[in-house]
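Each remark here refers to the structure printed beneath this line.
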Amino acid sequence: MRGYFFSVIGGALAVVLAKAVFIATVDPIGRLGWNHGGIYFALEREQKESAVKWRGHDAVFFTNSKLSMQDPAELDAYRWFNFAAGGMRIEEMAGFVEAYVRDQSACVLGLDVWMMHAGHPPVTEVAHPRPWFAWLPSYLTSWRSFFRTTGTLQRRWAGVSPVITSGGFLDATLFAERLARKNIGGDAEWDFWFEQNLMSNFVYCEKRLTMLKQIRDTLKQRGVKLVVFLHPQHEQALQFLERPEFAAHQKRFLKDLRGIFPVVVDLTKEYPDDRFYFTNDRLHYFPWVSTEFLNARVIPLLEQTSHDARAMEGGE
Amino acid sequence: MLFNSHIFILFFLPITLLGYYWLGARFGSRICKVWLVAASLFYYAWWNPAYLAILVASILVNYGFGFALSSTADSVMRKRVLILGIVLNLAALAYYKYANFFVDNIQVWFGLDWTLKTIILPLAISFFTFQQIAFLCDAAKGETREYRFMDYCLFVTFFPQLIAGPIVHHKEMMPQFAREDTYRMRWDNLSIGLTLFTIGLFKKVMIADSIAGYSTPVFTLAQGGEFTPGAFDAWSAALAYTFQIYFDFSGYSDMALGLGRLFGIRLPMNFFSPYKSASIIEFWRRWHITLSRFLRDYLYFPLGGNRKGPVRRQINLMITMLLGGFWHGAGWTFIIWGGLHGLYLVLNHFWRMLMGKKDDTMAWPVRAVCVVVTFFFVVVSWVFFRAEAIEPALTMLKGMAGMNEAELVVNKMSAYYWIIAALIISWALPNAIQVTAAFQPSYEIEREDQAPMPRWQRWMHWQPNRIWATAMAVVLALCVLSLSKVTEFLYFQF
C-alpha cells in the first residue's frame, strides 16, 4: 500500500513537474520575469500584468488598444509603463490600479464614451489581478501555457518577430499587417462597423462612474498624480458621435468626467484626419500621434496637478 | 476553494493532511480534531468569510438544542424544544434560500410592490441545515449519546462533505470520530482515498466539464427566447446535461469519499450507477442516496410513509418529492422536477402493484428495456432541472419532440460521440464503489440492490499493484494538468 501511494503521488508529480519546468524555463508570456526573447502569444492584459512587476517605471498609463502600440520610452518626464490592452474596461482599470499602482508618481487614463457601454461582455477572468498562488500553478501547468511554450520555441527558431516587443508594447508594423488582413476598407464598411459595434443599443452604465471615482480616490490616497484624456476620434466616428441620440451621451460623459476628475483633456476632435490613422483602420491612430499628444497635451498637465487636497477640490 | 482547483490539490489538502497526521502522532486525537475543524472552517471561509458566522452560529445553536433535548426527561418539553429547533433551522434556510422566491411570487400573484434586496445564498446551507435537523430529531428520540462539542463541530464541518454532501448521519460519523485509531496514519486509507479522489477528479475534470460544452450553449440560447432548438440540438443538450450532472455530482461524491478516507473517515456512498436503474424506485436508491435517505427518514416516514394505506402513501410520496425538488432550489422548475419524479414514483408503485414484480427478478432483455425507459424519463425531468424557467424548458421539450423548426444548429456531431462514450461508461462499466469494494470504500448503508460486479468485469477490481499505480498516476497528472479553468460543481448551488 505504501509503495502504491508513493508511486501514484510520485508518478503524477513527476509528470506535472516536468511540464512546469519546461514552461517555466521558456516563460512564454513573461510572467516569471525572465522572458527576454519577446512575447509571441499572449493576451495583452495577461502580459501587462506580468511585466508591470518586472519592468522599472515610475508612471503608468491605462487605456484600450489605441495606445497598445505606444513605446513608453518615447514619452517625457517619467519612466513610463504601458498598461494599455485591447478592449480594456473601466472595471479592469479599477482592478489594476488597485493592485499595481502603489509607488508610482503619475498615472494617465485614456477613456472614450464607448467604455461606458453597459452591453460590453463581462470582464474575463484574466482581467482581475490574482495572488501568486492562484495564477502560478495555472500558468505552469495549463495546456495553454504548454502550447504557447512550444509555439514560442518554434517561432524563435524560425526567426519570426515577437508580437509584443521587449518594451512591452505591440509591434506597430505587425499590427498594420494584421489590419491589412482584416480587410475593412471603404466608408460604407466602416459605417456599418461603427453602427454594429459601437452605436447599436448603447446603454450608458452608471455603475462605471462609481469605479472611476474609486480609481480617483485610490490614487489620491496613494499620492499618485492623475490626468484623464479622451481619445481622438476619426472624422467618421465623429459623425456618429454628433448624431443627436449619441451626442447627449458624449456630452454627459464629458460632464461626468469633469465632475469626477480634476484634470480632463478632451482630444476627441483634435486628430480627425485619415492621415493620423492606420490604413484600413479608423479606430487606431498611429503611435507617433499618441506620442505627440501625450508629450504635448497630457503629460505636462501632470506637473500642474499635485496630490494635495486643494488640487482635488475641482473634483466632485 | 473547490476540490478541482490547484489551491486545494497542491496546497490545502497536503498541508491539512500532513498537519493532521503529524498532530495525531504527536499530540493525540483531541488536537487532531481541532486542526481538522479549523481547516474545515478555513476551507468554508475561503469562499466568503462573512458567511462563516452563519455556519458557526448554526453549529452553536444546534448543539445547544441537542444538549437540551438529550438532557430533558419531560417529553412535552422535549417536543417544544425540538419544534423550536427545527423552526429556527428552517427559518434560516427560508430566509437565505427562499425569501427572494416568495417575495417575487407574491409580487406576481397579488400585484404587491414588495422589494427585497438579493440575498446571497450561503454555501452549503441546505446541507448543513438538513444534517443538523436530523441530529435534533434523533436527539429528541433519545438516539444521540452525549457527544463532545468538538466531535459535533467535526460532524457538521468536516470539509470533504461540508459543501455538497454526502449528507452524513451522526450515527455513522460520531463513532468514527470517537475512535482513537481513526487518527493513526494507515497506508491502506491513504491509497484507497487517493484512488477514489483521482477517479472522482477524472469524472469531473475530464468528463463533466468536457460534456458541459454541449449543454450550456443550447440551454442558454433557449433561455434567451430567441432560439428554438431543433431535435438534434435539444436532444444533444438534454443528454449532455444528463451526463454532465451525473459525472459532476458523482465525481464530487467520489472525491468526498476519497478525501474522507485520506483522513481515516468512511463517508456514506451517494451514488451507485443510477443510470443502470430499471425503474424510478431503483433510481432513487442509487441517485443522491443520502438525500433520499434523509427525505425518507425525516419526511416520508413522519408523514406516515406507507403505513396509512395505498392512497395516503402516494400522497406522501408526492409531498416528499415536491419538497425534495424545492430543496434543490428556489424555483418553479425545481418544484416541477420534484413533482415529475413524484409522479414517476407513484406510477412505478402502481405498476408494481399490478405486475407484482421487482426489478432484480427481471430477465435481462426486459431489464434492458426498463433501463432505457427509466433513463428516458430521467432525461425529460433533467430538462426542467437545468432550465432557468418553465418556458425555456418547454421549448427544449418541444425541440426533443421534433416540434421545433431549427433555424440554427448549435452543437456539432461530436456532442453525440461524447454522449455515446458517457452512456457506455454509465451503463457498461462498474462504479468506483464496485471497483474498490474489497477495501470498503464507503460507510455501509443498508441496501437491497448493491450488486457486485459481473464476472467479466472482475479484472477491474482495484489492487494496490503497479498497473493500477501507473494508471492512477497518469490519470491524476492528466487531471491536474487540465485544471487551468476551474469550474464549479453543479451541486454547490443547492
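The values are calculated or read from the model by the stated rules, or taken from the named source; none is laboratory data. Since we're looking at a predicted model, the values are computed, not measured. Here Cβ is always computed from backbone atoms with ideal geometry, including for glycine, and neighbour counts include all displayed protein chains.
Here are the numbers for the structure shown:
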| quantity | calculated |
| --- | --- |
| Segment B:403-430 residues that are in the same structural domain as residue B:237 (by TED's automatic domain parsing), paired with ones that are charged (D, E, K, R) (beta carbon under 8 Å, 6 or more apart) | B:404/B:398; B:406/B:233; B:409/B:233; B:410/B:233; B:411/B:233; B:426/B:276; B:427/B:276 |
| Unmet criterion (only one of (1) surrounded by 19 or more Cβ atoms within 10 Å (Cβ to Cβ); (2) within 14 Å of chain A (Cβ to nearest Cβ)) for residue B:7 | (1) |
| Count of residues meeting criterion [more than 7 Å from every other protein chain (Cβ to nearest Cβ) and farther than 26 Å from residue B:186 by Cα] in segment A:3-22 | 5 |
| Residue within segment B:62-73 that is β-branched (Val, Ile, Thr) and either part of a helix (DSSP H, G or I) or in contact (Cβ under 8 Å) with a residue 12 or more places away in the chain (or both) present | no |
| Residue that is more than 24 Å from residue A:238 (Cβ to Cβ), modelled with pLDDT under 80 and more than 14 Å from every other protein chain (Cβ to nearest Cβ), where the choices are A:130, A:178, A:155 | A:178 |
| Residue selected from segment A:27-67 under the condition part of a strand (DSSP E or B) and among the β-branched types (Val, Ile, Thr), by the criterion surrounded by the fewest Cβ atoms within 10 Å (Cβ to Cβ) | A:39 |
| Qualifying residue in segment B:195-206 (condition: within 23 Å of the chain's Cα centre (by Cα) and of a type in the set (S, T, N, Q)) | yes |
| Where residue B:227 falls short, out of the listed (1) within 14 Å of another protein chain (Cβ to nearest Cβ); (2) crowded, with 16+ Cβ neighbours inside 10 Å | (1) |
| Selection from segment A:69-92 of residues that are crowded, with 22+ Cβ neighbours inside 10 Å and in a loop (DSSP other than H, G, I, E, B) | A:69, A:70, A:83, A:84, A:85, A:88, A:89 |
| Cross-chain or 6+ apart pairs with Cβ under 6 Å, segment B:256-276 first and closer than 18 Å to residue B:198 by Cβ and not assigned by TED's automatic domain parsing to the domain that holds residue B:195, then crowded, with 24+ Cβ neighbours inside 10 Å and not hydrophobic (A, V, I, L, M, F, W, C) | none |
| Tally, over segment B:124-158, of residues that are more than 17 Å from residue B:56 (Cα to Cα) and among the β-branched types (Val, Ile, Thr) | 1 |
| Any hit, segment B:242-257, residues being out of contact with any helix residue (DSSP H, G or I) (no Cβ under 6 Å at 6 or more places or on another chain) and not in a helix (DSSP H, G or I) | no |
| Test result for residue B:283, within 16 Å of residue B:370 (Cα to Cα), part of a helix (DSSP H, G or I) and within 19 Å of the chain's Cα centre (by Cα) | yes |
| Residue in segment A:93-104 that is crowded, with 24+ Cβ neighbours inside 10 Å, more than 20 Å from residue A:278 (Cα to Cα) and under 11 Å from the mean Cα position of the chain (by Cα) present | yes |
| Of the criteria (1) modelled with pLDDT under 75; (2) surrounded by fewer than 14 Cβ atoms within 10 Å (Cβ to Cβ); (3) not in a loop (DSSP other than H, G, I, E, B), which one residue A:192 fails | (1) |
| Set B:159, B:155, B:149: member being closer than 29 Å to residue B:22 by Cβ and surrounded by fewer than 20 Cβ atoms within 10 Å (Cβ to Cβ) | B:149 |
| Near pairs, Cβ below 8 angstrom, 6+ apart or cross-chain, from segment A:286-297 (within 14 Å of residue A:265 (Cα to Cα)) to any residue that is modelled with pLDDT of 95 or more and surrounded by fewer than 16 Cβ atoms within 10 Å (Cβ to Cβ) | none |
| Residue under evaluation residue B:208, criteria (1) within 14 Å of chain A (Cβ to nearest Cβ); (2) assigned to a helix (DSSP H, G or I), criterion not met | (1) |
| Cβ-Cβ under 7 Å pairs, at least 6 apart or on other chains, segment B:335-357 side part of a helix (DSSP H, G or I), far side modelled with pLDDT under 90 and of a type in the set (Lys, Arg) | none |
| Unmet requirement for residue B:53, which otherwise passes all of (1) of a type in the set (A, V, I, L, M, F, W, C); (2) out of contact with any helix residue (DSSP H, G or I) (no Cβ under 7 Å at 6 or more places or on another chain); (3) in a loop (DSSP other than H, G, I, E, B) | (3) |
| Residue in segment B:158-175 that is over 14 Å from residue B:255 (Cα atoms), touching a Phe, Trp or Tyr at 6+ places or on another chain (Cβ under 9 Å) and either among the polar types (S, T, N, Q) or within 14 Å of chain A (Cβ to nearest Cβ) (or both) present | no |
| Scope segment B:84-128; condition crowded, with 20+ Cβ neighbours inside 10 Å and not hydrophobic (A, V, I, L, M, F, W, C); matching residues | B:85, B:89, B:97, B:122, B:126 |
| Positions within segment B:309-338 being of a type in the set (Gly, Ala, Ser), out of contact with any Lys or Arg (no Cβ under 6 Å at 6 or more places or on another chain) and buried (at least 19 other Cβ atoms within 10 Å of the Cβ), in sequence order | B:324, B:325, B:329, B:331, B:338 |
| Test: residue in segment B:65-78 that is β-branched (Val, Ile, Thr) and touching a Lys or Arg at 6+ places or on another chain (Cβ under 7 Å) | yes |
| Residue A:52 of a type in the set (Val, Ile, Thr) and within 14 Å of another protein chain (Cβ to nearest Cβ) | no |
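Every residue, every condition in (1) in contact with a helix residue (DSSP H, G or I) (Cβ under 9 Å, 6 or more places away or on another chain); (2) modelled with pLDDT under 90; (3) over 30 Å from residue A:10 (Cα atoms); (4) surrounded by fewer than 12 Cβ atoms within 10 Å (Cβ to Cβ), yes or no:
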{"position": "B:406", "(1), (2), (3), (4)": "yes, yes, yes, no"}
{"position": "B:452", "(1), (2), (3), (4)": "yes, yes, yes, yes"}
{"position": "B:468", "(1), (2), (3), (4)": "yes, no, no, no"}
{"position": "B:489", "(1), (2), (3), (4)": "yes, yes, no, no"}
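Every residue, every condition in (1) surrounded by fewer than 19 Cβ atoms within 10 Å (Cβ to Cβ); (2) more than 18 Å from residue A:137 (Cβ to Cβ); (3) within 14 Å of chain A (Cβ to nearest Cβ); (4) β-branched (Val, Ile, Thr), yes or no:
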| position | (1), (2), (3), (4) |
| --- | --- |
| B:12 | no, no, yes, no |
| B:33 | no, yes, no, no |
| B:43 | no, no, no, no |
| B:53 | yes, yes, no, no |
| B:66 | no, yes, no, no |
| B:69 | no, yes, no, no |
| B:72 | yes, yes, no, yes |
| B:76 | yes, yes, no, yes |
